[in-house]
Number of protein chains: 4
Amino acid sequence: VSKPVYSRDTGGPIAFRFRSDNVAPVSAEILHALANANHGTAAPYGNDEWTALLQRRFSELFEREVDVFPVATGTAANALSVASIARPWGGIYCHELAHIHKTEGGATEAFTGGAKLVALPGRDCKLDPSALTEAVLRAERGARYAPQPDAVSITQASEHGTVYTLEEIAAIGKCARDAAIQVHMDGARFANSLVTLGCPPAEATWRRGVDILSFGATKNGGMAADAIVVFNRTLAEPLSYWLRRAGQTWSKMRFAAAQLIAYIEDDLYLRLASKANARAKRLGQGLAALPGVRLVAPVQANLVLAEMPEPAIELLVAAGVRFARYPGSVIRLVTHFDCTESEVDEFIGLARRSIASAAGDSEDEQ
Amino acid sequence: VSKPVYSRDTGGPIAFRFRSDNVAPVSAEILHALANANHGTAAPYGNDEWTALLQRRFSELFEREVDVFPVATGTAANALSVASIARPWGGIYCHELAHIHKTEGGATEAFTGGAKLVALPGRDCKLDPSALTEAVLRAERGARYAPQPDAVSITQASEHGTVYTLEEIAAIGKCARDAAIQVHMDGARFANSLVTLGCPPAEATWRRGVDILSFGATKNGGMAADAIVVFNRTLAEPLSYWLRRAGQTWSKMRFAAAQLIAYIEDDLYLRLASKANARAKRLGQGLAALPGVRLVAPVQANLVLAEMPEPAIELLVAAGVRFARYPGSVIRLVTHFDCTESEVDEFIGLARRSIASAAGDSEDEQ
Amino acid sequence: VSKPVYSRDTGGPIAFRFRSDNVAPVSAEILHALANANHGTAAPYGNDEWTALLQRRFSELFEREVDVFPVATGTAANALSVASIARPWGGIYCHELAHIHKTEGGATEAFTGGAKLVALPGRDCKLDPSALTEAVLRAERGARYAPQPDAVSITQASEHGTVYTLEEIAAIGKCARDAAIQVHMDGARFANSLVTLGCPPAEATWRRGVDILSFGATKNGGMAADAIVVFNRTLAEPLSYWLRRAGQTWSKMRFAAAQLIAYIEDDLYLRLASKANARAKRLGQGLAALPGVRLVAPVQANLVLAEMPEPAIELLVAAGVRFARYPGSVIRLVTHFDCTESEVDEFIGLARRSIASAAGDSEDEQ
Amino acid sequence: VSKPVYSRDTGGPIAFRFRSDNVAPVSAEILHALANANHGTAAPYGNDEWTALLQRRFSELFEREVDVFPVATGTAANALSVASIARPWGGIYCHELAHIHKTEGGATEAFTGGAKLVALPGRDCKLDPSALTEAVLRAERGARYAPQPDAVSITQASEHGTVYTLEEIAAIGKCARDAAIQVHMDGARFANSLVTLGCPPAEATWRRGVDILSFGATKNGGMAADAIVVFNRTLAEPLSYWLRRAGQTWSKMRFAAAQLIAYIEDDLYLRLASKANARAKRLGQGLAALPGVRLVAPVQANLVLAEMPEPAIELLVAAGVRFARYPGSVIRLVTHFDCTESEVDEFIGLARRSIASAAGDSEDEQ
């Protein structure tokens, strides 16, 4: 494993291919849409034809009137969605590994004026509806010293690549409705989850109680155009002020809108996500078959979390492979629409050799 | 003036061409750069080759090591620049018409935790160095109840399209240094000012005392890539945290970096701005020659502010022309790199007819 | 004027007597009330008998149900009152010399999350209803980049010691109602204004359109117990959360409540304010009669702002006298319930001698 | 247990005596000090003689120069202390049951601009130095998406009435120094802990690494005067601005200062706390001897947390007794300087009867 590792298909180093879905390029269709939007004059700040078309297209896609606001990043989508709901003394329930809690630099706290993320446990990185119910019951309603239940945020697909079933979303939606709180879905990998669920977007969101959605496109073939999709339309006004105040209202909005229109045109987003999911499945199966490897969670989207002998991980690192590492000898691998089957197979081979080599080393040490 | 008004050159309605420089498309070179960046794998969040190259290119451009952070909007650039300087109880001096004070939805207040913009008067929309000196002297240093001087922010070119001379920038820089406060430059139209000054970027910024610069590219041919350029490098660390926390750290940063690299390559930014400035000059001269029209400020960049008979303004509006209006029968017209001379001439003709028609109407009313 | 100046009545230095009404002690009745409240057990955080009685007493005083929240300072009362109304992107109209704008360390900006104080001019330090009307009309409703009208704040008595008439309050109240914004009254010197108006509290507040009142007691014989009085009761809930979050909910609330109950018992607050006002009137008349002295505003409460020859002011300062100074050779003197007539007369004498001495000095210099 | 329960000693209902130490009156000495301070004129906002004396007295008490800032509540003391340390993207380590995390309405998040409280487990409600060390090691230094270690906050005595030993404080101080973070001590019950430790204040604070202390007086005989004591004097300047901005700078500061001076005069604070601690010890021993009762934590200050049969708790509640309840059939009882031994004994008797009665009921139900 000491010689350089390249992907034959791309000519680039395979070492970086599974680091994140953010490492991928932009899909050809979306790049094309940008060029197509680059003609003539367009009103700024979302008062243009492309943005108007975006509203219509997303309303069709979600089978109801929605408000769509393109933003620069998933962090902005999440934090501003929640800020449109929660009061400064509000409590926002989320899984203890949720991106908004662990990996967004406190953006949610910043935009809400210091509301509290109440982290809850849950199997396979999914918030357990019964844990939510219990937490809401435990909340001291009306106590001025305690965070007041305002929102619940779930990540779909989750940070471990698992997918909430429609029943699970509905259970969380019901719990929220009973508690008079609102549901935010962090859909940074929404398309990947939808492919797995095999249902229309409406079924996986507002029909199950979701009030506001961070609709991720960047990780799945976009350039820089995540969006906030608002189902509970009372949230749209505060949100629109927050967006401007946060420097998230593009002046040349048409280019964000054009990306998002192309993203859903002819189900492009599902086609791209299908590829990513298929590669993850292959990668997961391949790794699970190796000695000493255990998948941390079922592979339901485009992430693979695998427990692996620590010396084998070190060999992969030494070979220049990049990936997120978690406590307990766990590595995270992410596939995307531009990954090939042969890249996957090459990585599995590399992992096999690392494990064997590490095992050999260990034996030598004995 | 009741029949539709179109630009012969573009086939599009001239009515919208001078509304703002944000209505313009993206320059061909920048669109091309996006396509060129769309190959292979790139590390996310600015850890990629393009972003590394951006740091080098901007350091060359500014003739010193700088830190460059691409952001989604000029509002983000301004508010986060100032937030990297000012304490919550700080005072930020600016012109009373400054964009950060009047037109950014309170973004600066939001990101600083409620610091105070101290608005000062000044001729031609430029902060007067002596007014700044006086204001700083008047500030009650150490008084816990009063805003403490932290920063001064100037807009170059200004909101009225005037340009600070090198001497004026130096005077503000000296005042700031004497007062131990820092200088932010809102360079939403930095290229336009540089064309007028005819000097290298370094001369118009850090060599005259500027600590941090909002480097605008979007209004001058970019798609969505303004940047913060940090000269006072102690600001880079707090700024980098704020950027992530504000949802302004692109995951696919290479596409922002690629835009900015192309923007300065072979002085593209100056060539684009030169065109816009030349059109504004022609427009200003043409309008100033009309009866009853007075330019509010000298045309030194790509903005024209003209006082015009109110009935003529109403006729332009009725004809569907879009522009910002200010108190005192003043309209603002903005040119950009994609405006043609014939569009300018057509608009002047339209204004001439509106004025004549309004004068006729007035006579009729008598 | 070089020898020490003492008040014969108090044995203390007269030099400090007119610096502010905060320099005064606590009235005997209020100190007595504290001792009376110091028996047995009382529930914390306002769930006690004294606080319940406070609600009843203030509801009687104001001739309607009100919510009363004791706070530590006038700054807390003002900032939290406004924070219970204004959104982060809200605009709060106030006089350009308003305490919340000039002298509270940005507390209002801090607690509102960076809302904008829109400062307006007005004669005698009073907000002009027509200026307010005009400003509200000028506000760009719905524009995401501009502060949205949320509140107006007036100071009664004003920072210059003038008093809004009932007609003026009503005019501001009507303008606010028409504009769908809410009225905050900074009543740091509410009792002093009421003495001048000669009407019941209800007439000077909610019956004229005031939604929420900072009810000052500390400057007029209290120890540390200003209060927020809520007329628009929808504000009470957000306010109560903000109070706890701001560390303004006393654990031993009974002692704040006891002060406020005693303060209004048998019109103590009016009797104390009457004394302060009478002293200010005497002081104003005495000073106005001196050569070269001009009152800046009519004396309608317990403040005297006097323009005076600069050398005479310097002599007063050299003699150790303490007072606030404003641009244009203006000094501010404040009386309080504990000032005596002879102290007033002594100060007038001192001022007379300073002016004479300064005039002599000036002549010497010629 | 259905008949009313009164304390023979006080004539008041014993039912409320152990609810909290906030239910207690003010000690005679402190009330006396307030009256003594009520003479003549005093400069406002802490520029007076009493406040100057407070600085000297506390500097003597702590055997070094300190800065002392009186505040209205313990919540203000805690949140503003931490806000003087932590950056908006900072992490503040604390026990998972810490008051700042659970019971202060998000004040710390509000004043820090949304910094993150990182809650850690620990036996007997005390932060475990090794858990802290581990958490700091786990922190992703420099990662813009993760909270950056800034502070650790410990509560002394803890929320369960346990006391950190000098060794434990030193271990936390060392860990903090190694990690370049600062130590805040929430000393709402500082005097109670000091009585248990039997050492001078300096030994239990800055000599063991504490940078800033919330010095509680209100729960132990004060009226409304907690204080922030600053050892790391670089924190004093930002803190002083925050205090004014938070509406926590008393205008008549002398009365807060006078309370605090009296509080430490002749070790009053230790004498008051000794009484409270002794009562708690007696109460704990008495309850522990009852059938079915288990103390949750050793009684080391003035709190008793006791697990008790649920039906017995219900009987106490039905009898009108007030106390905090925690999950797992745990009740919290708090003693204070004004509790008598007979009140303690009476409560133990009441608890004994409740338990017996509940047991009888249970048997009846079988």
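The values are calculated or read from the model by the stated rules, or taken from the named source; none is laboratory data. Computed from a predicted model, the values in this text were never measured in an experiment. Quick reminder, even Gly has a Cβ in these numbers, built from the backbone with ideal geometry, and neighbours come from all protein chains shown. With ligands, DNA and RNA removed, areas are computed over all heavy atoms of the protein, side chains included. Shrake-Rupley method; radii C 1.70, N 1.55, O 1.52, S 1.80 Å.
What the table below lists for this structure:
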item	result
Largest-first principal axis extents, alpha carbons of segment B:71-167, Å	37, 34, 20
Net charge over other residues, Cβ less than 14 angstrom from the Cβ of D:Ala179 (K, R count +1; D, E count -1)	-1
Calculated [θ] (222 nm, deg cm²/dmol) that DSSP helices of n ≥ 4 give over chain D, each run adding -39,500 (n - 2.57)	-12500 deg cm²/dmol
Per-bin percent of Cα-Cα distances, segment B:77-117 [5 Å]	6, 30, 39, 22, 3
Environment charge at A:Ala188 (Cβ cut-off 10 Å; Lys +1, Arg +1, Asp -1, Glu -1)	-2
Span per principal axis, largest first, for the Cα atoms of segment D:1-141 (Å)	55, 55, 29
Inter-label distance, nm, simple model (7 Å from Cα along the C-beta direction), B:Gln285/B:Ala324	2.6 nm
Coordinate range along principal axes, alpha carbons of segment C:43-116, Å, largest first	39, 27, 22
Test item: B:221-233 mean partner chain Cβ contacts at 10 Å	2
Charge sum, other residues only, whose C-beta stays under 11 Å from D:Glu159's C-beta, Lys/Arg counted +1 and Asp/Glu -1	+1
Exposure rule at most 14 other beta-carbon atoms within 10 Å, DSSP loop trypsin sites (Lys or Arg not before Pro): chain D longest free segment	D:142-366
Lys, Arg +1 and Asp, Glu -1 on Cβ, resulting dipole of the protein assembly as shown about Cα centre, debye, nearest 20	0 debye
Selection from A:Ile92, A:Ile154, A:Ala217 lying farthest towards where the dipole of chain A points positive, charges on Cβ	A:Ile92
Cβ neighbours within 10 Å from other chains - mean over C:75-86	2
Residue (of A:Leu290, A:Trp206, A:Leu243) at the positive-pole extreme of segment A:142-296, dipole from beta-carbon charges	A:Leu290
Heavy atoms of D:Leu333 accessible to a 1.4 Å probe, total area in Å² rounded to 10	0 Å²
Lys/Arg +1, Asp/Glu -1 at C-beta; segment B:175-312 dipole; positive extreme among B:Tyr263, B:Leu305, B:Phe231	B:Tyr263
Chain C: angle of helix C:268-288 to the longest principal axis, Cα-based, in degrees nearest 10	40 degrees
Segment C:63-216 - charge dipole about Cα centre, Lys and Arg +1 at Cβ, Asp and Glu -1, debye rounded to 20	260 debye
Per residue, in Å², the accessible surface of chain D once ligands and nucleic acids are set aside, probe 1.4 Å	34 Å²
Proportion of all alpha-carbon pairs of segment A:295-366 beyond 16 Å (%)	52 percent
Per-residue SASA entry for B:Leu31, accessible area with 1.4 Å probe, Å² rounded to 10	40 Å²
Å³ per residue enclosed by the Cα convex hull of segment C:98-152	82 Å³
Descending semi-axes in whole angstrom, ellipsoid equivalent of chain C, from the Cα gyration tensor	36, 27, 17
Binned Cα-Cα distances of segment A:221-366, short to long, each 10 Å bin given as a whole percent	10, 29, 23, 20, 13, 4, 1
Degrees, to the nearest 10: C:166-179 long Cα axis against longest axis of chain C	40 degrees
Radius ratio Rg over Rh of segment A:110-246, counting only Cα atoms, Kirkwood formula for Rh	0.96
Dipole magnitude of chain A, debye to nearest 20 (Cβ charges: Lys/Arg +1, Asp/Glu -1, about Cα centre)	500 debye
Label-zone membership for segment B:317-346, site B:Glu29, 7 angstrom Cα→C-beta point, backbone N under 19 Å	B:336-340
Segment C:18-74: C-alpha pair distances exceeding 17 Å, %	57 percent
Estimated Rh, segment D:230-308: Kirkwood, alpha-carbon pairs, angstrom	16.1 Å
GNM top mover of A:Ser329, A:Ser153, A:Ser84 - chain A, alpha-carbon springs below 10 Å	A:Ser329
Evaluated over segment C:129-182, the Cα radius of gyration and Dmax, each in Å	12.4, 38
For A:97-104, mean number of other protein chain Cβ atoms within 10 Å	2
Centroid-to-centroid separation of segment B:68-140 and segment B:278-346 [C-alpha atoms, Å]	28 Å
Computed log₁₀ I(q)/I(0) - Debye formula, equal Cα scatterers, no solvent, the protein assembly as shown, q 0.05, 0.08, 0.09 Å⁻¹	-0.43, -1.09, -1.33
Reachable lysines from A:Lys275, criterion Cα separation under 16 angstrom, eight or more residues apart if same chain	A:Lys219
For B:Cys199, inter-copy label distances in nm, listed shortest first [label point 7 Å out on the Cα-Cβ vector]	6.1, 6.2, 6.5
For segment C:53-60, Karplus couplings with θ = phi - 60° (6.51, -1.76, 1.60), whole Hz, Gly/Pro x	5, 4, 4, 5, 4, 6, 5, 5
Pair-distance profile P(r), taking every C-alpha pair of segment B:179-295, with 10 angstrom steps and integer %	12, 35, 31, 15, 6, 1
